Amino acid sequence: MTQDHDAGTRDHQVDRTMLEARLAKTWRTDPGLWGALATVDHKIIGRRYIVTAFVFLALGGVLAMLMRLQLAGPEARIIGPDRYNQIFTMHGTTMMFLFAVPVMEAVAVYLVPLMIGTRNIAFPRLNAFSYWMFLFGGLLLWVAFALDMGPDVGWFAYVPLSGPQFSAGKRADIWAQMITFTEVAALAVAVEIVVTVFKQRAPGMSLDRVPLFVWAMLVTSFLVIIAMPAVMVASTMLILDRLVGTHFFNPAEGGDVLLWQHLFWFFGHPEVYIIFLPAVGMVSTMVATFARRPVFGYLALVMAMVATGILAFGLWVHHMFVTGLPRLGESFFTASSMAIAVPAGIQIFCWIATLWSGTPRFATPLLWVVAFIVTFVIGGLTGVMVASVPFDTQVHDTYFVVAHFHYVLIGGAVFPLLGAVTYWFPKFTGRMMSERLGTWSFWLIVVGFNLTFFPMHILGFQGMPRRIYTYQPDLPWHGLNLFVSLCAVMLVAGFVLFAVNVVRSLRCGVPAGDNPWDAPTLEWATSSPPPPYNFAHIPVVGGSNPLWESPEKLPVASGLCLDRRELIVSSVVEAQPEARESSPQNSVWPFFAAIATSVMLIGSIFTPWAVVWGAVPVFVTLVGWFWPKGTPEDAA
Amino acid sequence: MRRRAVSTGFAALVLVLAAGGCQREERQTRLDPPIAAALDGVALMPDRISGAPPAVYVALGKPYERNAFNLAEGKRLYGWFGCAACHGEGEGGKGPAFLDGWWAYGPSMVSIVSSIRDGRPHGMPPFRDKMTTEQIWQLAGYVQTIGAYSAKTAAPGRSDAKQRRPAENRAPAALLFDPGPTPLHPDQGPEP
């Protein structure tokens, strides 16, 4: 076997047709259900991840429309208070934990290996496991909601409201355990991306030549690794308080209620940047392509992203300004909250400079970028406003805050994401999205969004609190609320049109070539959609924009085996090739491991013994997962 | 084909869970007045110990024993209406204990509802004019859990306060039962 292996055919020994056939056989995903469950192809998993996240976006959107329906008029009787509590909690939880973070990571799972010129993500089985965990966590939450036991304590589930005394039943437990699912999934992807970016870049792609989206995902992944454990610890403490009678959050027994808020926002604020930084990467990528010049201020953009990532951990307390903190603490966190506007400003100016000095071509993705810049600046400005304590004290927990964070999250992340979907759709599917439908949905969404959310600033000034299920007719809110609800219909129409565009283009879009936008990054160097092995030869990179610098023919590395899944491991800084490394085969064990873990985690909501007995099947599946293969480890 | 199999399986799972799980989480913020009136019709035995619960209570699925929200509400009422002044946190005091598993009038819901609503001799005041029917049933459900013989699937959580006894959701109070009956104070309990 070993002899045979060492003597195995290398890629320079066969002709192109033979090469592609052999690689396709080695890297294939088997057809049928079993093959689908066992696949570890980052493109298939990334595609699933993206589609699932968009399904959750649609579900969360339906909930938003239900809320707008209820709030359209005073004293409406459409949704009762209990159901309304569940709906706004589900809306926030779904959007934050099941859409925003997963969709960004999903795009990275698909694109990062392609952009850095490798054949699969690092730890591909962990990647499969991550997707199944995410899916099962989402199902847990939504099945519970369908059974009238959806969480009803707000998406940040403050204690004591979510604690054992005031949150009867299993609702808050389901929320807390859903957190565990999604955070396990997110952490797994973050680790994969860090390793992929550091160790699997194409030869020659030194750190200063890494595409900006990849930089953004690298910083994001570090944020995930540092921030997510805080909320996992917090939600586990909450579950322990609720199920086994610990006292982490019980002041009478020495616990601390504010501890929850600190732990949650130590995660929760970086979370905003975990969602925003990938969008920064997408925008930087699209701006360069459509301005038809390399992005202005590459170094400044990278440093701004790193600075955002670091500062993100220094301002969580601005969510807690009304909890009665010492003045010095408030001042510090005001200053740090305002300081993060500096790297954001640098990014904005770099993009404007790129567009200014380039020859922009206003295709739909670039329209989204422009809408992003405008909307995000508005959201950023209200962010600076609420960073100041006296102002924040006035508008805390009002619709002003609702307006602010929808501006930064939808304007700052969803707009670039929709642009990115349009931009990379040809790479994902091999077909272009319709420009005409795209432009229509663009204007509907952007105009609808601003008409829906801008009036909420005013409602906030008029004192309308968040999370109320109705209001009295003599309050001065009903005119604007009706207006907001009507405009929300326009926003939804835009999203529906976007979905129609996706489905139609999938069937009968114009076939796209390998590189329809004339983009400079490596994912466009392979066919659309990419073959299972991504690249027939691993490319060798000589600059930041490889496809612009050598448009005719990319230099490639050769000498990789064809009979096993092999990719190049390179050095961290210079990306000097170091070894030929094997990439794991398909395996169904990650799926079984995810099922066993889900059974254990869901069981633990009902009895602590589930952790003990549930660990046994988890152990068994992990043994299956890591069972030695009997093949030589490396042929470096 | 595969998708259909998956969605059928999912739908079946939802149905199974729905059949088993939903009632314990349902929350009603306001009871229908006719149901409240019907719940008042408790048919006690002549000695006012035990009896038949109203038909509507059974038809509803015994919500005051099986629904976590109602039990938690009952626990709050226990504090708000000063039950602890005589019964402590279930260990008793001026009034009889609940935690010891000895029920002077039996552990049935109708007895407890009647005790709260109509009062009992030797000090238990009637709460008929102070609480709504729904509140009385909620409180009765909670009182019943304090001295329950077996664990229920629904229970209120522990309070954010000093813990003087294990939380209700940890185990049935039967673990804490005294081996013998607490001797009745001569002023307590039913007339012989």
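What follows draws every value from the coordinates through simple rules; no lab data is involved. Fair warning: this is a prediction, and the values are worked out from it, not measured in the lab. Using ideal geometry, Cβ is built from the backbone for each residue, glycine included, and neighbour counts are taken over all protein chains shown.
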Q) With a Cα-only, solvent-free Debye model of segment B:38-157, what are the log10 I(q)/I(0) values at q = 0.16, 0.17, 0.19, 0.22 Å⁻¹? A) -0.70, -0.80, -1.04, -1.47
Q. When ranked by the protection proxy of mean other Cβ atoms within 10 Å per residue, highest first, what sequence do the peptides A:474-483, A:437-446 form?
A. A:437-446, A:474-483
**Q.** Neighbour-limited loop hits for GluC sites (Glu not before Pro), segment A:455-564 (at most 11 other Cβ within 10 Å; DSSP other than H, G, I, E, B)
**A.** A:E552
Q. In degrees from 0 to 90, rounded to the nearest 10, what is the angle of the helix A:101-115 Cα long axis to the longest principal axis of chain A?
A. 20
Q: Sort A:Y298, B:Y57 so the one with the fewest other Cβ atoms within 10 Å of its own Cβ comes first.
A: A:Y298, B:Y57
Q: Could you list which residues have their amide H under 5 Å from that of A:V556, counting only those 5 or more apart in sequence or on another chain, with H placed in the peptide plane?
A: A:V540
Q) What is the helix-to-structure angle for A:16-26, meaning the angle in degrees between its Cα long axis and the longest Cα principal axis of chain A, kept from 0 to 90 and rounded to the nearest 10? A) 50
Q. Near the amide H of A:R201, under 5 Å away, which other amide H atoms are found, from residues 5 or more places off or on another chain, if H is placed in the peptide plane?
A. A:S570
Q) For B:152-161, what's the mean count of beta carbons from other chains sitting within 10 Å of each residue's beta carbon? A) 6
**Q.** Potential lengthening between A:D397 and A:W609 on full extension [0.36 nm per residue; Cα-Cα distance subtracted]
**A.** 72.4 nm
Q. So how far apart, in nm, are the two label points at A:V195 and A:T236 if each is 7 Å from Cα heading toward Cβ?
A. 2.1
**Q.** For residues of A:166-174, the mean tally of beta carbons on other chains within 10 Å
**A.** 6
Q: Could you work out how far the C-alpha centroid of segment A:203-245 sits from that of segment B:52-118, in angstrom?
A: 48
Q.
Run the reach check for A:K43 against lysines, Cα to Cα strictly under 30 Å, same-chain hits fewer than 8 apart removed. What comes back?
A. A:K25, A:K199, A:K427, A:K553, A:K629
Q. Long-range amide H contacts for A:R431: which residues qualify at under 5 Å (H placed 1.01 Å from N, peptide plane, sequence gap of 5 or more or a different chain)?
A. A:A512
Q. Taking only Cα atoms, what is the 0 to 90° angle, nearest 10, from helix A:171-199's long axis to the longest principal axis of chain A?
A. 30
Q. Hey, which lysines would be in cross-link range of B:K62, C-alpha to C-alpha under 22 Å, not counting anything within fewer than 8 residues on its own chain?
A. A:K170, B:K75, B:K152
Q) Nearest 20 debye, what's the magnitude of the dipole of segment B:51-160 about its Cα centre given +1 on Lys and Arg Cβ and -1 on Asp and Glu Cβ? A) 120
Q: Work out the length of the dipole vector of the protein assembly as shown about its Cα centre, built from +1 on the beta-carbon of each Lys and Arg and -1 on the beta-carbon of each Asp and Glu, and round it to the nearest 20 debye.
A: 1360
Q) For A:D208 and A:E75, what does the FRET efficiency come to when R0 = 45 Å and r is the distance between their Cβ atoms, rounded to the nearest 0.05? A) 0.15
Q: In vacuum, with every alpha carbon of segment A:242-320 counted as one equal point scatterer, what does the Debye formula give for log10 I(q)/I(0) at q = 0.17, 0.23, 0.26 Å⁻¹? Two decimals, please.
A: -0.76, -1.02, -1.12
(Q) With θ taken as phi - 60° and the coefficients 6.51, -1.76 and 1.60, list the Karplus ³J(HN,Hα) couplings across segment B:77-84 in order, rounded to whole Hz; mark glycine and proline as x. (A) 4, 4, x, 5, 9, x, 4, 5
Q: Once you have the Cα-Cα distance between B:F81 and B:R48, take 0.36 nm times their residue separation minus that, and quote the gain in nm to one decimal.
A: 9.6 nm
Q) Can you pull the Kirkwood radius for segment A:160-290, inverse mean 1/r over Cα pairs, to one decimal in Å? A) 16.7
**Q.** Spin-label pair A:V616/A:V306, simplified geometry with 7 Å Cα→Cβ offset, distance in nm
**A.** 5.1
Q.
I want to check the label-to-label distance for A:T17 and A:L381. Put each point 7 Å from Cα in the C-beta direction and report it in nm to one decimal.
A. 6.3
Q) Which stretch or stretches of segment A:7-49 have amide N atoms under 18 Å from the point lying 7 Å from A:Q585's Cα along the Cα→Cβ direction? A) A:7-9, A:22-32, A:34-42
Q) How large is log10 I(q)/I(0) at q = 0.13, 0.16, 0.27, 0.33 Å⁻¹ when the Debye formula is applied to the Cα atoms of segment A:585-635, each weighted equally and without solvent? A) -0.38, -0.51, -0.94, -1.15
Q | Rounded FRET efficiency, nearest 0.05, which uses the C-beta distance separating A:V322 from A:S388 and R0 of 22 Å | A | 0.95
**Q.** segment A:514-612: Rg to Rh, with Rh as the Kirkwood radius over Cα pairs
**A.** 1.21
Q | Equivalent ellipsoid, chain A (semi-axes from 5 times Cα gyration tensor eigenvalues, Å) | A | 41, 30, 23
